[in-house]
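Before any comments, here is the structure.
Computed from the coordinates by the stated procedures, all read-outs in this text should not be read as laboratory data. Please read all numbers here as calculations on a predicted model, not as lab measurements. As a convention, Cβ positions derive from the backbone with ideal geometry for all residues, glycine included, and neighbour counts pool all protein chains shown.
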Amino acid sequence: MVITRNGLVLGATAVTLSTIAVTSLGIHSQGQALFKESPKELVDEVWQIINKQYVDGTFNQVDWKAVRSEYLNKSYTNKEEAYKSIREMLKKLDDPYTRFMDPEEFKNMQVDTSGELTGIGIQIGLDEKTKKLTVIAPIEDTPAFKAGILAKDTIIYINGKSTEGMDTNEAVSLIRGEPGTKVNLTILREGQRKEFTITRARIEIHPVEFSEKQTPAGNIGYIRLKQFSANAAKEMRDAIRNLESKQVAGYVLDLRNNPGGLLYSSVEIARMWMDRGTIVSTIDRRGEAEREMANGRALTNKPLVVLVDKGSASASEILSGALQDNKRAVVVGSQTFGKGLVQSVRPLDDGSGLAVTIAKYHTPLGRDINKHGIDPNIVVDLSDKQRQDLWIKEREKVATQADPQFAKAVEVLGKEIAAKGTNAQRN
């Protein structure tokens with residue numbers, strides 16, 4: 001997500017199960033005081049926003065004007081009745097990412113990824129095909145990650161309550177809580193039910209880790225990007241500069257289990273690797289595209305391999321897609337999550353909030369990766385058991401030759417380094 005000049009929040013992510021202060025954004029500035037006396041005004045405000053901004057001008061084949069008549073002809077005696085009607089109204093769009101949040105839900109959603117989080121550390125959404133509550137990815141080194149929750153897990157019960165028909169707001173309210181308290185999740189993974197009891201905690205996220213590695217490909221730089229948070233670009237810049245000073249021969253950029261974050265953080269980071277070319281295009285309901293371009297200020301042109309898996313989502317897919325389409329990097333690993341939609345999250349007059357799908361994004365070559373993801377140039381799939389063993393039980397093997405995806409990345413990087421050296425000699 002990213003806060004734009006007009007105060008909206010644009011994002012390529014789903015809901016993060018954590019809470020964070022939002023007062024610095026001014027979201028609650030005068031919202032409570034400005035709320036109109038009639039709850040019907042709030043219903044119409046939501047309708048108008050959807051009418052003007054929703055990505056599909058047919059409203060997913062819904063007669064949106066008829067919807068307005070239906071819900072404005074109702075009488076409302078309190079806000080709760082208005083909230084119920086708004087949720088019914090939005091449900092007609094059949095879009096899991098367009099959702100209403102009451103003031104408490106809005107207050108607790110993650111609108112800024114800088115700072116300390118409180119929760120279990122997963123991002124969730126409704127699967128667009130199955131409409132089931134699905135884990136997009138656990139955030140590395142959080143309680144959910146350490147417990148063994150994996151990307152694509154389907155959450156079927158929360159504290160014994162079925163999630164059938166449950167929206168993400170209700171799921172968030174059930175899962176979040178005070179640090180030290182526990183939540184029970186029942187998940188479905190490859191047809192098998194699994195039970196998890198997870199203790200909530202305060203979570204501090206350091207988005208970038210890097211190191212110099214001696215490998216069969218030579219002295220290389222390894223950079224792990226865990227999340228596209230507000231300070232990810234600065235930390236990435238520092239990492240590249242540090243490794244450049246050590247004269248590494250090439251890089252492995254690890255985006256595995258990275259659920260996304262700030263849309264424009266991915267653009268900034270792409271510019272550190274690319275001197276020229278398109279990074280991403282966002283397409284609105286009129287088909288108009290806004291293009292983000294490289295700006296000729298790359299920090300390195302050395303060979304690059306990017307690692308991805310099914311936990312790489314949204315902003316991770318923007319970055320890996322840009323580097324792949326521009327032939328700046330070879331992408332190695334598993335097919336990514338597949339979330340190519342952009343939401344605008346905006347405050348409403350009574351302190352509640354509305355998330356609206358306003359655009360979709362395409363890679364530089366025009367690929368719409370929504371529901372499909374990025375296909376690696378070189379596929380190295382791991383089973384769920386292999387992933388869990390690697391990331392949870394045997395973490396010391398991550399980014400070593402005992403890590404099959406990393407080992408393949410090093411092999412590929414070695415060939416890229418050799419090819420570049422040969423070309424340089426010819427020139």
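A few remarks follow.
- Burial ordering of R99, R285, R200, fewest other beta-carbon atoms within 10 Å first: R285, R200, R99
- Computed label-point distance, nm, for sites A418 and I392 using a 7 Å Cα→Cβ extension: 3.9
- Per-pair calculated FRET efficiency, R0 = 60 Å: L188 and K79 via Cβ, rounded to 0.05: 0.95
- Ascending count of other beta-carbon atoms within 10 Å, so fewest first, for D403, D349: D349, D403
- Residue order, fewest to most beta carbons within 10 Å, for V135, V330: V330, V135
- In this simple spin-label approximation, D63 and T181 carry label points 7 Å from Cα along the Cα→Cβ vector, and these lie 4.5 nm apart.
- Cα gyration tensor shape for the range 189-235, rounded if a/c is under 1.5, else prolate or oblate: oblate
- Judged by the ratio a/c of the largest to the smallest principal axis of the C-alpha gyration tensor, the range 83-205 counts as oblate, that ratio being 1.5 or greater while a/b is no larger than b/c.
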